[in-house]
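Engineer: I am attaching a structure below and will ask some questions about it afterwards.
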Amino acid sequence: MRITLAVNGTRCTFDAHPGETLLELLRREGYVGVKKGCGAGDCGACTVLLDGRAVNSCLVLAGKADGSDVLTIEGLSQGGALHPLQEAFLDEGAVQCGYCTPGMILAALDLLTHHPDPSEEEVREGISGNLCRCTGYTKELRAIQVAAAKMREARHG
Amino acid sequence: MGLPGVKEFVRPETLDQALELLRQHGERAWLIGGGIDLVLFVPEDAQVVVDLGRLPLCYVQEKAGGFVIGATTPLREVLEDRSLEGYMAGVVPQMLHQVASPLLRNLATMGGTLVSANPWSDVITLFLALGAQVVLSDGKAQMIPLEKLYPARAHRGTILTEVHLPAPAAGSAAGFWKFGRTAFDVALLNAACLVRMAGGRCVEARLVLGGRPGLGTRVPLAEKALVGSDLGDATIDRAAEVARESADVRDDRRASGDWRRELVRVGVKKVLHEARGRLPGGER
Amino acid sequence: MAEEKRPVFVVVGKNERKVDGVALVTGRPKFAGDLDLPGTLCVKILHSPHAHARITDIDTAEAEALPGVACVLTHKNTPATRYTTAGQGYPEPSPYDARMFDTKVRFVGDRVAAVAAESEEIALQAMKRIRVRYEELPRVLSVDAALEPGAPVIHDEKDSSGIYDAAKNTAADVDIDVGDMAQGFAESDVIVETVCETQYAQHTPIEPHVVQTSLDEDGRLVIRSSTQVPFHARRIVARVLGVPLHQIRVIKPRIGGGFGVKQEVLLEDLAALVTLRTGRPARIVFSRQEEFIASRTRHPMRIRVKLGARTDGLLHAVEMEVLSNTGAYGAHGLTVLSNVGSKTLPIYNKAKNVRFFGKAVYTNLPVAGAYRGYGATQGCFALETAMDELACGLDIDPVALRRRNAIRVNESSPIFQKLGEGREGVEQTVKSCGLERCMEVGAQRIGWESKRGKRSRDGSRVRGVGMSIHMQGSGIPQIDMAAATLKMNEDGSFNLLIGATDLGTGSDTILAQIAAEVLGVPVSKMIVTSSDTDVTPFDTGAYASSTTYVSGKAVERAALAVRGQIVHVAAAMLAADGGTLDEDRLVLKNERVVAPNGRAVTLAEVCQRAMYQTGQFQIGATASFVPDESPPPFMASFAEVEVDTETGLVQVVKYVAAVDCGVAINPKMAEGQVEGAIANGIGFALTEEMLFSSKGRVRNPTLFDYKILGARDVPPIEVILVPSYEPTGPVGAKSIAEIGINGPIPTIANAIYDAVGIRLTKTPFTPERVQAALRARHPG
C-alpha cells in the first residue's frame, strides 16, 4: 500500500506492506535513530512522536501513520543546533550507551510540550515506558528537569 | 516483519463504512483502535485490518452527570480530561495513571481496551465496579452493561462505539487498587469497588477483582457482607476475609494462586477504605 | 600519595562531554545494526526445544529448496572444532566444550541449525521445513541433581577439553586455603554460618546481540559486531572456522549495553561462515526472547559462609563454599567461581585462617557467562550477610565491625596470591584505600545513627537501614594487556588508536582525557578510533574492570612517549641560536610547549616542522601495559528500605554509595557507572528472576515478565566519589565499572533485617517471599 506522511517535516510517500510496523518502515527508510529493543512495546527504544504524541513505533501499523506527522530523533536538531533536551542529556552525563537515548528524549519532549513544569513524579511517569539499563535513570531525570527549565526560559525570555 | 499475514489495511471514515467492511470480509476482518493487541498477538485470521481511528468517536463528554467516552479516544485523553477529574473523586485518572506507560496510553483506545479484554485490565475492573455500560452498533445501536460484553466474540459483527459511566448516585464513592511487580507492569491483582450509603447504611456494594489471572469479576459473597452494614472497620475486615476465601484466583507465570489470595485481602481492604474515605463526611 | 603531592589536573577530573555524545543524541548510524549493505542475508537460528537430547537425524533438503534460501547450516556441514565462546585471553581458562553445531543439544535454546535467506520471512519459513529427529535424554535442571551419583552426563563427548570432571558434570573446581580451618574455628569465640542463594538473572542490554559480516574489496572477512571482545572474537573465529587470522577484521561500532553478556563470541562464527560460504553480507540480530534464552546469564549460586570471630568482632576464620550453576556450557565457569572469593575475601584480611572452595556445575539450563560483578556480586551477598549476622549476634554496630576488620593501605591479603582468575593470583599490597572514609561519609548521608534499629512505622510499613562494604579489581594482573597508539597531526591534533572497547561506558572519552592531560590539549583535539583489529593495537577488551586502569596506563605511556618526541623537537625550536634547552623543563599546556623563559611554540608548529621541514618523522608512539597488580576500588553501600508488612513489598527509600576509585577521570561518568550498576543490582535483589518450566524452558523470556527497574522504581541514589590516589594507576585512577552492582543485595537484605527482623537468604526478595518469611515468624 502507498502511504504519505511527513517525517521530520518533510512529506514522504512510501510503499509499505499492510502488516508492516512504523518501526520497520522508518528503519528501512534510513531513520536508524529509531531503535528496536524488544518489538513488543516493553522497552520504548522505538519511541517516535506521532502527531505530537510519543508512541512505541514497534506497535503502530504503518498504515496508521498515513496522513500523519512523525518526528524521529533525526528531526529534533534544527539546522544543526541541538535541542535543549539533547544538550542537557550531554551535559548531565545522562548518555551512556545511547541506545535508549533517542526514545527517551522524544518521550521527554512529549512530556515537556504538554507539561512544561513537571514535578519529579511527573517526569518519572513521563519516561516510565522507556527502559534504560546503563544509567539507573538518575541523570536522565535530572537532564529532563534542566531542559525543562531552559525551555521555559526560552518561552518567556 | 510485524504481520506478514495481513493483506489489506483500511481506514473507514464513518461507522457505516466500517460496518460494511465487517459484513464484506466477515471472519477475515479485524477491528483495531490502537492496534496494540493485534501487533502483539498476531491472530492468524486477521487478514483485513480495519482501523477505526478515523471514525468520529474521539470524545469525553459529560452527560447528565455521567460521562460518555467515545471508543477511539486514546487512554491518554481520558486520563487528562479535566472534567473527569471531578467524577467519583478522580478515581478514573487515578486508575489510568497506573496503566501501562504514557507511550502505550497514547496509542491504546478506550474501545480497544474494553474489547481486547486483557484479563489484567485495570480499566475493565474499575469500569465494572462503576457500573459502566457500552454501546454496540451493528447498524442499530444497543446499550448493554459492560459485563455483558464478555466474551467479546459473542458480539462479532458489531462495533463498540461508546462507554457510558453512570451519574454518581448520592452517597456513593469508589476505590481502585492495583498490585504489580514494578510500576510499569500489568496487575498481578487489581481491585475496585463502588459503595453507596443511605441513612448510615450501605445499600449497594459492587466489588470487582481482576488479574486473578482472570478478567474482572464481582465477588458477590463479599458484597453481601457489606450491604446493610455501617461500613465500619470490622465489616471491611470481614468482607476482605470473605473475598479472600471465595475469590477465584489461580497460578500463572506472574504469581501463584496462594499469593494472589493473600493479596485479595489487602486489595479489598484498601479499596473499601479508600471509598469510605471519599464519602461525604470523610474517613470515620 | 600525600594530598599535597597530588598533581593538579586540567582535563582529568572534568565532566567532559562524551566524544561520541552528539552522535548518540542525534541518532546517527553508529550501532552494528545501523549499517545496511546491499544483498545482506538474514540469518536465523533454529533453537532446541529440548533440554537434553541427541539429534539422531536432521534433514534440511526441503528448507534448502525454498526460493530465497542461500544456505542452511547444521552439524553435518560445519566445523567440528571444540572451543569456548568465552571472550578471554588465550589460552582461555574455560573448557573447550562447545561446537558450532553439535550432534547433541544441552539446553532449551541450544543451536540446532541456522538458515540464511533473502528476508526474515523466508528464513522463518525455511526453519519450519527443517526436519529434526531427537532422542530425548534425561535432563538435569539443578546443581544438586547434576551432582547426584548416576546423574545424566551432559558433556559425554570425547573431544572436549578443560572440563574438570565431565563424568560428574563438574566444569570447574577450586580449593584454596590459608592457615588451619579446624583450629581457626576452634579458637574462635563465636561462630556464624549462613547459606545464601542467588537466581538466574539476565543482563537485558537494550540493544540485543547483533553481528554483521561481509567481504571487503580484497575478499577479507569483515565482522561488525556488538562485542566487548573484538580481538578475542577475531582469534576464536579464525580458529573455529579454520580461516587465517590475518584474513579477518573485527570492528566494534557503538554498543547498546553489554554488562558482560557481550564478552562472548556468540554469533560471529555463524554470520562469518554464512558470508564465507555465500560471498554475501550476513546479519544476525537476536530477538529479545533469544537474548534471554540463547545468550548468557548470571551464574546462579548457593554460597555458604562460616565466620569465626573473637568477641570483639575480629575475624579469625573465614570459610566460603560455592556451588555455581554454569548452565549447559562452561564459558566463564572457572573464572567466575574464583572471583566469588578473590574479589570478596581479601577485604577482610585480618582473618588468619581462610578457606575458599567450590565447583561450577553443568546443568541443562541456559548458559551462564560474564555478568558485571562476575561472581563477586553473589559472594558479597553471603559474606556481608554473615558479617551482619555476626554484628547483630555480638551486638556490635555493623559499620564498626567492618572498620575493625577491613583492609587498609599498605596491607595485603594472602588471598590475592592464592586466588586469581582460575589460577593462582598475584601478591599485592593495597596502595590506595578510601574505604574508611567511604564508610564514614556513607553512614552520615543515610542517617545511620538516627535510623538504625528505630524501625519507624507508618501504618503497615516499617523502615530500616542496612550496609555492606565491597571491593573489586582493576584488570587481571599479569594477564591483561592493553596497548595504545598516538600519532600527531600538523594542526596539533592527535589520532588516538586504542583497542579498548567502549560499550557505552565512555572509555573512548576518559582515555582521550588521559592523553589530552599529558599532552596539554583539550579533548576536542583527540580523535579517537577504537576497537578495530586492523587499525588499533591490541586490547583484551572490556571486562574485569580493566579499561580505565590497564588501557588507561597504556594510553598514558604512549602519551608520555609522544610528549618526549614533542619536547625534543620543540627544544630545538625554542633554544636561543646555537644553544640548547633542557627538555625536562619544557611544559605542555594550552596546546603549546612553553619554555621557562616564557617563550613558546604551538603544537601545530612543532608537528609541521617534524612533518615537512627538518629531520622529518611522524611524531607518534605505541605503548603497552601489563599490570603487575589489580588495585581494588572500594565501596561502602548503605540503604534505607521500607517493608510493607501487609504485602511484603520492599521499597528502597534511599540508596547511598560511597566509592573510592582513586582519581575519577570524569566524575559524572564515574557516578553514572555506579548509579547504573546500583539500579541493576536493586533489580537483581528485588524483581528480576528467570523462571523455568519442569522441562527446562524459560517461562518469562520477555521484558513484560522479566522485570527490570523503570524510571518510577528507581529510588534516589546518591553516589559520593571519595578520592584517593592509586600510584600505579594512570593519573592515579582505579576502576569503577563493576563494583556498584555488588552493593544492593546484601545492603537491602541487611536493611530488611533491621526493619522487620527477618533474614532473607534467597534472591530476589519478592513480596511473596518476604510475606512468607514474615508469616513464618508470626504465624496466624
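Engineer: Testing residue B:256 on (1) touching a residue at least 12 places away in the same chain (Cβ under 8 Å); (2) within 14 Å of chain C (Cβ to nearest Cβ), one condition comes back false. Which one is that?
Structural biologist: The failed condition is (1).
Engineer: Give B:198, B:191, B:170, B:183 a once-over and let me know the one that is surrounded by 20 or more Cβ atoms within 10 Å (Cβ to Cβ) and either among the small types (Gly, Ala, Ser) or closer than 20 Å to residue B:242 by Cβ (or both).
Structural biologist: Testing whether each residue is surrounded by 20 or more Cβ atoms within 10 Å (Cβ to Cβ) and either among the small types (Gly, Ala, Ser) or closer than 20 Å to residue B:242 by Cβ (or both) leaves just B:191.
Engineer: For region B:52-66, indicate whether the set of residues that are surrounded by 24 or more Cβ atoms within 10 Å (Cβ to Cβ) and either away from chain A (no Cβ under 12 Å) or not in a helix (DSSP H, G or I) (or both) is non-empty.
Structural biologist: Within region B:52-66, none of the residues are surrounded by 24 or more Cβ atoms within 10 Å (Cβ to Cβ) and either away from chain A (no Cβ under 12 Å) or not in a helix (DSSP H, G or I) (or both).
Engineer: In region C:654-672, which residue that is more than 8 Å from chain A (Cβ to nearest Cβ) and in a helix (DSSP H, G or I) is surrounded by the most Cβ atoms within 10 Å (Cβ to Cβ)?
Structural biologist: Step by step, filter region C:654-672, then rank; the result is C:670.
Engineer: Considering region B:254-276 alone, what residues qualify as being in contact with a strand residue (DSSP E or B) (Cβ under 8 Å, 6 or more places away or on another chain), within 22 Å of residue B:197 (Cα to Cα) and of a type outside the set (Asp, Glu)?
Structural biologist: Of everything in region B:254-276, those that are in contact with a strand residue (DSSP E or B) (Cβ under 8 Å, 6 or more places away or on another chain), within 22 Å of residue B:197 (Cα to Cα) and of a type outside the set (Asp, Glu) turn out to be B:267, B:268, B:270, B:271, B:272, B:273, B:275, B:276.
Engineer: Among C:743, C:757, which is the only one that is more than 9 Å from every other protein chain (Cβ to nearest Cβ), surrounded by fewer than 24 Cβ atoms within 10 Å (Cβ to Cβ), small (Gly, Ala, Ser) and over 22 Å from residue C:367 (Cα atoms)?
Structural biologist: C:757
Engineer: While we're on this one: Taking residue A:142 as the residue in question, decide whether it is at the interface with chain C (Cβ under 9 Å from one of its Cβ atoms) and surrounded by fewer than 24 Cβ atoms within 10 Å (Cβ to Cβ).
Structural biologist: Spelling it out, it is not the case that residue A:142 is at the interface with chain C (Cβ under 9 Å from one of its Cβ atoms) and surrounded by fewer than 24 Cβ atoms within 10 Å (Cβ to Cβ).
Yes or no, residue by residue, for (1) more than 14 Å from chain C (Cβ to nearest Cβ); (2) among the basic types (Lys, Arg); (3) part of a loop (DSSP other than H, G, I, E, B):
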position	(1), (2), (3)
B:183	no, no, yes
B:187	no, no, yes
B:191	no, no, no
B:204	yes, no, no
B:214	yes, no, yes
B:221	yes, no, no
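Engineer: Just checking, how many residues over region C:138-185 are touching a helix residue (DSSP H, G or I) at 6+ places or on another chain (Cβ under 9 Å), outside any loop (DSSP other than H, G, I, E, B) and surrounded by fewer than 19 Cβ atoms within 10 Å (Cβ to Cβ)?
Structural biologist: 4
Engineer: Ok, one more. Need pairs with beta-carbon distance below 6 Å; first residue modelled with pLDDT of 95 or more and within region C:466-487, second among the charged types (D, E, K, R) and in a strand (DSSP E or B); sequence gap 6+ or separate chains.
Structural biologist: C:482/C:539
Engineer: Checking the structure you have, find out if any residue of region B:94-106 is within 12 Å of another protein chain (Cβ to nearest Cβ), touching a strand residue (DSSP E or B) at 6+ places or on another chain (Cβ under 6 Å) and part of a helix (DSSP H, G or I).
Structural biologist: Yes.
Engineer: Give, as residue ranges, the strands (runs of 3 or more DSSP E) completely inside region C:457-514 that count at least 1 residues that are crowded, with 24+ Cβ neighbours inside 10 Å and assigned by TED's automatic domain parsing to the domain that holds residue C:549.
Structural biologist: In region C:457-514, the matching strands (runs of 3 or more DSSP E) lie at C:482-488, C:494-498.
Engineer: Could I ask something else about it? Quick one: would you say residue B:244 is within 14 Å of chain C (Cβ to nearest Cβ) and not in a helix (DSSP H, G or I)?
Structural biologist: Against the criterion (within 14 Å of chain C (Cβ to nearest Cβ) and not in a helix (DSSP H, G or I)), residue B:244 does not qualify.
Residue-wise test of (1) surrounded by 24 or more Cβ atoms within 10 Å (Cβ to Cβ); (2) more than 14 Å from residue C:742 (Cα to Cα); (3) among the acidic types (Asp, Glu).
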| position | (1), (2), (3) |
| --- | --- |
| C:338 | yes, yes, no |
| C:345 | yes, no, no |
| C:355 | no, yes, no |
| C:361 | yes, yes, no |
| C:366 | yes, yes, no |
| C:369 | yes, yes, no |
| C:374 | yes, no, no |
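Engineer: Okay, moving on. Look through C:290, C:319 and report the one residue that is surrounded by fewer than 24 Cβ atoms within 10 Å (Cβ to Cβ), at pLDDT 95 or above and closer than 23 Å to residue C:743 by Cα.
Structural biologist: C:319
Engineer: Out of region B:81-93, which residues are touching a residue at least 12 places away in the same chain (Cβ under 8 Å) and within 14 Å of chain A (Cβ to nearest Cβ)?
Structural biologist: Those that are touching a residue at least 12 places away in the same chain (Cβ under 8 Å) and within 14 Å of chain A (Cβ to nearest Cβ): B:81, B:93.
Engineer: OK, next. Given the conditions (1) over 14 Å from the mean Cα position of the chain (by Cα); (2) more than 30 Å from residue A:39 (Cα to Cα); (3) touching a residue at least 40 places away in the same chain (Cβ under 8 Å), and given that residue B:130 satisfies all but one, which numbered condition is not satisfied?
Structural biologist: Going through (1) over 14 Å from the mean Cα position of the chain (by Cα); (2) more than 30 Å from residue A:39 (Cα to Cα); (3) touching a residue at least 40 places away in the same chain (Cβ under 8 Å) one by one, residue B:130 breaks only (1).
Engineer: So, in region A:47-66, exactly how many residues are within 9 Å of chain B (Cβ to nearest Cβ) and either without any contact (Cβ under 8 Å) to a residue 40 or more places away in the chain or part of a loop (DSSP other than H, G, I, E, B) (or both)?
Structural biologist: Qualifying residue count, region A:47-66: 6.
Engineer: Still on this model: Residue C:306 fails exactly one of the following numbered conditions: (1) more than 21 Å from residue C:70 (Cβ to Cβ); (2) outside any strand (DSSP E or B). What is the number of that condition?
Structural biologist: All conditions pass for residue C:306, except number (2).
Engineer: Yes or no: region B:33-47 includes at least one residue that is of a type in the set (D, E, K, R) and either part of a strand (DSSP E or B) or surrounded by fewer than 19 Cβ atoms within 10 Å (Cβ to Cβ) (or both).
Structural biologist: Checking region B:33-47: at least one residue is of a type in the set (D, E, K, R) and either part of a strand (DSSP E or B) or surrounded by fewer than 19 Cβ atoms within 10 Å (Cβ to Cβ) (or both).
Engineer: For region C:332-344, state whether one or more residues are within 14 Å of chain A (Cβ to nearest Cβ) and under 25 Å from residue C:53 (Cα atoms).
Structural biologist: The answer is no; no qualifying residue exists.
Engineer: Let me ask something else. Condition first: within 26 Å of residue C:244 (Cβ to Cβ) and within 12 Å of chain A (Cβ to nearest Cβ). Now tell me which residues in region C:202-220 satisfy that.
Structural biologist: C:210
The values are calculated or read from the model by the stated rules, or taken from the named source; none is laboratory data. All figures in this text were calculated on a predicted structure; none of them were measured in a lab. Backbone-built Cβ (ideal geometry, glycine too); neighbour counts: all protein chains shown.
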